[in-house]
Amino acid sequence: VARAIEQRRKGPLRVLFVGKEYWRKGADIVLAACEIAVHNGVQLQLDLVGLEDAGVTLPAYAIDHGNLTKRDPAQRARLEELFMGASLLFVPSRAEAYGIVFCEAACHGVPSLSSSVGGIPSVVQSGVSGILLPHGSSPEAFADVLQGLAADSAMLESLSWSARQHYDRHLSWDVFGDGLMDILRHVSGKSI
């Protein structure tokens, strides 16, 4: 993760979108915000994973990687490469119960840009593991964040390290397992 964070300083802003449902996951917002940012001079690459046919023509800076399943070792490795190379996960969901993808991003030291909706704020802590904008924010508002991060590599790097630390302290499977064991001990009244 440390090596990946260092490598992200080089080249364009690498924006990763992971999600199947075009409208619910906010892919339309991602495409519009990236278009605005590019128009305003930001050099970026947009990697799209999992989208079902959206019926839109993608711009030259966007790559559709299709649906990558973790059950296939080659596809799992490709998804891992995309996370390790990403500067930012951008999934501005309109509705989300939790969002495991935000945990996966933090595990890789990738901050998230999303909407403060549903369970997302329980995963992404704004200013710590990413940036959350109010539900219903415009593509222009998200583009402003993209432009700010592209212009301030130190802030992006700081968010990357902070995202990983947030994962280690709050989101990892080890933390979940410890919390579950505490609950079971409390409920059963026994040492497990």
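The values are calculated or read from the model by the stated rules, or taken from the named source; none is laboratory data. Remember, it's a predicted structure, so these values are computed and weren't measured experimentally. All Cβ positions, glycine included, derive from the backbone under ideal geometry; neighbour counts span all protein chains shown. All accessible areas refer to the heavy atoms of the entire protein, side chains included, with ligands and DNA or RNA removed. Shrake-Rupley method; radii C 1.70, N 1.55, O 1.52, S 1.80 Å.
Please give the FRET efficiency for ASP174 paired with HIS39, using the beta carbon to beta carbon distance and R0 = 45 Å, rounded to the nearest 0.05.
On the way: r = 43 Å, r/R0 = 0.97.
Computed FRET efficiency for ASP174 and HIS39 comes out at 0.55.
Computed with a 1.4 Å probe over protein heavy atoms only, the accessible area of ASP174 comes to about 120 Å².
Annotation: amide H of ALA62 within the under-5 Å range of LEU46, sequence separation 5 or more or interchain, hydrogens built in the peptide plane.
The residues of region 99-192 present an accessible area of 51 Å² per residue when probed at 1.4 Å with all protein chains retained.
Along region 98-108 the Karplus relation, 6.51 cos²θ - 1.76 cosθ + 1.60 evaluated at θ = phi - 60°, assigns HN-Hα couplings of 8, x, 4, 4, 5, 5, 4, 4, 4, 4, 8 Hz to successive residues, with x for each Gly and Pro. Modelled this way, with points 7 Å down the Cα-to-C-beta line, the labels at GLU21 and ALA154 are 4.1 nm from one another. Here the simple spin-label model places points 7 Å from the Cα toward Cβ, and for ALA77 and SER116 these points are separated by 4.2 nm.
Could you please put LYS20, LYS25, LYS190 in sequence from largest to smallest accessible area, using a 1.4 Å probe?
Numbers: LYS20 105, LYS25 25, LYS190 140 Å².
Final ranking, largest accessible area leading: LYS190, LYS20, LYS25.
The share of accessible area on the chain that comes from carbon and sulfur is 54 percent, using a 1.4 angstrom probe. Length available on full extension from ILE100 to HIS135: 0.36 nm per residue minus the Cα-Cα distance, which gives 10.7 nm.
Given a Förster distance of 35 Å, report the FRET efficiency between LYS10 and SER188 from their Cβ-Cβ distance, rounded to the nearest 0.05. Walk me through the numbers before you get to the answer.
Values: r = 52 Å, r/R0 = 1.49.
Step by step, r from the Cβ atoms, then E = 0.10.
Solvent-accessible surface (1.4 Å probe) assigned to VAL101 amounts to roughly 20 Å².
If packing is taken as the average number of other Cβ atoms within 10 Å across a peptide's residues, how do 146-158, 116-128, 65-77 rank, most packed first?
Values: 146-158: 16.0, 116-128: 17.6, 65-77: 11.8.
Descending mean neighbour count gives 116-128, 146-158, 65-77.
Amide H contacts of ILE131: SER112, LEU113, SER114, each under 5 Å away and 5 or more positions distant or on a separate chain (H built 1.01 Å from N in the peptide plane; Pro and chain starts excluded).
Lys pairs in the chain, Cα-Cα under 29 Å, at least 8 apart or on separate chains: how many?
Working: LYS10/LYS25; LYS10/LYS70; LYS20/LYS70; LYS25/LYS70.
Lysine pairs satisfying the spacing and distance rule in the chain number 4.
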